[in-house]
1. Pairs LYS52/LYS262; LYS45/LYS250; LYS151/LYS262; LYS194/LYS262; LYS52/LYS342; LYS359/LYS409: which exceed 20 Å Cα-Cα?
2. Any idea how far apart GLN400 and ARG270 come out in nm if each label point goes 7 Å out from Cα toward Cβ?
3. How much of the pair distance distribution for the range 165-284 lies past 17 Å, counting alpha-carbon pairs only, in percent?
4. In nm, to one decimal, how far is the modelled label at ARG62 from the one at GLU283, with both set 7 Å along Cα→Cβ?
5. Please report Rg over Rh for the range 101-161, where both radii come from the alpha carbon positions and Rh follows the Kirkwood definition.
6. At 7 Å along Cα-to-Cβ for each site, give me the label-to-label distance between GLN234 and HIS413 in nm.
7. May I ask you to give the percent of accessible area on the chain that is carbon plus sulfur, with a probe radius of 1.4 Å?
8. Regarding the range 67-109, what is the average projected area of its C-alpha convex hull, in nm²?
Amino acid sequence: VVNYAPFTLLPSAVPRALFEQAYAVQQDFNLLVDAISQNKEFLEKTLASTIKVDDFTARLFRIYMQVLEEGLAQTVFLGINRSDYMFDCGVDGTAALRQIEINTIAASFGGLTSRTADVHRLVLKVLGKTEEASRLLPNNPAKGLALGIAKAWELYGSQRAVVMFLVEDVQRNIFDQRCVEIELWNRNIRVVRKRFRDVFEQGSLDASRRLFMDGQEVAVVYYREGYVPQVYDQQNWEARLLLERSRAVKCPDIATQLAGTKKVQQELSRPGTLEKLLPGHPEASARIRATFAGLYSLDEGEEGDRIAATAIADPDRFVLKPQREGGGNNLYGEELKEVLEKIKDSPERTSYILMDKIKPQPALNYLLRAHSPLQMSECISELGIFGVYVRQGRELVLNQAAGHLLRTKAIEHADGGVAAGVAVLDTPYLV
């Protein structure tokens with residue numbers, strides 16, 4: 001069954017200064033993610049408590065260590081990430097840009113959002129708002145993402161090799177991926193779509209650890225799958241290890257996936273951490289830090305005890321986040337309180353982080369969803385900026401922002417993205 005992707009009837013107002021700030025800091029975030037992925041000591045130390053209690057993160061970490069011990073075959077590294085923000089409304093009414101998270105694996109909707117501005121341009125014209133329609137920005141992340149994949153493919157250095165999209169069994173978000181895929185075909189780069197199961201059954205490495213699928217050499221593996229524990233059975237873990245051991249450019253490699261964990265995000269907010277990871281880039285560290293919301297560790301010990309007690313006493317101030325991607329995992333309010341009360345004296349609490357709850361200013365819009373009644377809703381929006389970088393050896397050969405994504409949801413939904421069935425696609429109207 002084909003359904004249209006959900007979207008807002010009208011574009012949503014976004015403060016121009018905050019929009020420009022989010023774009024300006026994206027190259028800094030690309031640098032940071034890349035630096036973390038190369039820093040074994042930092043990842044080991046930061047994730048030490050998490051991997052004791054979170055089996056999924058622990059298994060990823062074991063593969064990471066195994067591949068490092070064996071020696072990396074991969075020499076070209078490709079990062080496609082999306083840094084997500086909300087606009088926090090202060091007591092005096094001024095809005096500030098606050099990062100929610102950074103997605104380093106399967107950051108989606110770069111394709112579909114490339115089409116959203118055209119829809120809103122048309123709607124505004126139908127409403128007689130031609131001047132407003134002309135002010136909507138062009139936006140094509142699919143092209144930017146494909147540029148990164150194409151650069152990695154080129155540096156891999158085999159004209160005959162293919163790009164492999166690693167996808168789920170049932171792919172609800174196929175058209176979003178197709179937009180990126182078509183951009184690659186337009187550059188005469190062959191694309192194949194495979195699942196973990198196919199990798200297990202058909203994948204092999206030759207003596208120099210080049211990856212072959214069905215006899216075809218694979219230059220780039222672009223993960224649109226592999227970020228939730230449910231997809232991994234023993235076969236799929238073995239397939240993941242095979243991919244990680246290969247020379248193919250993984251997007252992301254396992255170190256970069258670990259760099260995107262919530263625990264890493266919380267650790268970055270500690271004083272001095274950014275400066276250690278980005279020596280010689282004090283301005284970048286300052287720009288990144290300016291976007292952070294309050295983040296708190298629930299590690300065992302006095303600090304963690306105090307933070308847990310504070311959150312139980314005032315749960316509406318915070319969000320409780322597990323080490324998971326894909327939306328729909330965070331806990332709020334009473335639910336947050338119940339979970340924390342249950343795990344406050346157990347090591348299990350170290351698998352979560354706590355974050356200040358951001359309070360955006362709601363606005364009215366209509367959310368268009370298949371089979372849903374059309375009604376005006378009070379809504380809040382989340383802005384994502386896509387970032388792409390390519391590194392060969394130690395040299396960064398590409399580092400850029402690749403476009404944006406605005407998602408909007410009704411205020412009664414605390415958590416969840418478009419794929420989780422809560423948010424809808426939107427276009428920023430800069431004010």
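1. Numbers: LYS52/LYS262 15 Å; LYS45/LYS250 24 Å; LYS151/LYS262 29 Å; LYS194/LYS262 28 Å; LYS52/LYS342 18 Å; LYS359/LYS409 14 Å.
The answer is LYS45/LYS250; LYS151/LYS262; LYS194/LYS262.
2. Taking the simple label geometry, GLN400 and ARG270 are separated by 3.7 nm.
3. On the way: 4568 of 7140 pairs.
Within the range 165-284, distances greater than 17 Å cover 64 percent of Cα pairs.
4. It works out to 4.6 nm between the two label points.
5. Details: Rg = 16.9 Å, Rh = 14.1 Å.
Rg/Rh for the range 101-161 comes to 1.20.
6. Inter-label distance under the simple model: 3.9 nm.
7. Working: 9430 of 18670 Å².
It is 51 percent, rounded to a whole number.
8. Numbers: hull surface 21.0 nm².
Over every viewing direction, the Cα hull of the range 67-109 projects on average to 5.3 nm².
The values are calculated or read from the model by the stated rules, or taken from the named source; none is laboratory data. Please read all numbers here as calculations on a predicted model, not as lab measurements. All Cβ positions, even for glycine, are placed from backbone atoms using ideal geometry, and neighbour counts span all protein chains on display. The area values use the complete protein model at the heavy-atom level, side chains included, leaving out ligands, DNA and RNA. Shrake-Rupley method; radii C 1.70, N 1.55, O 1.52, S 1.80 Å.
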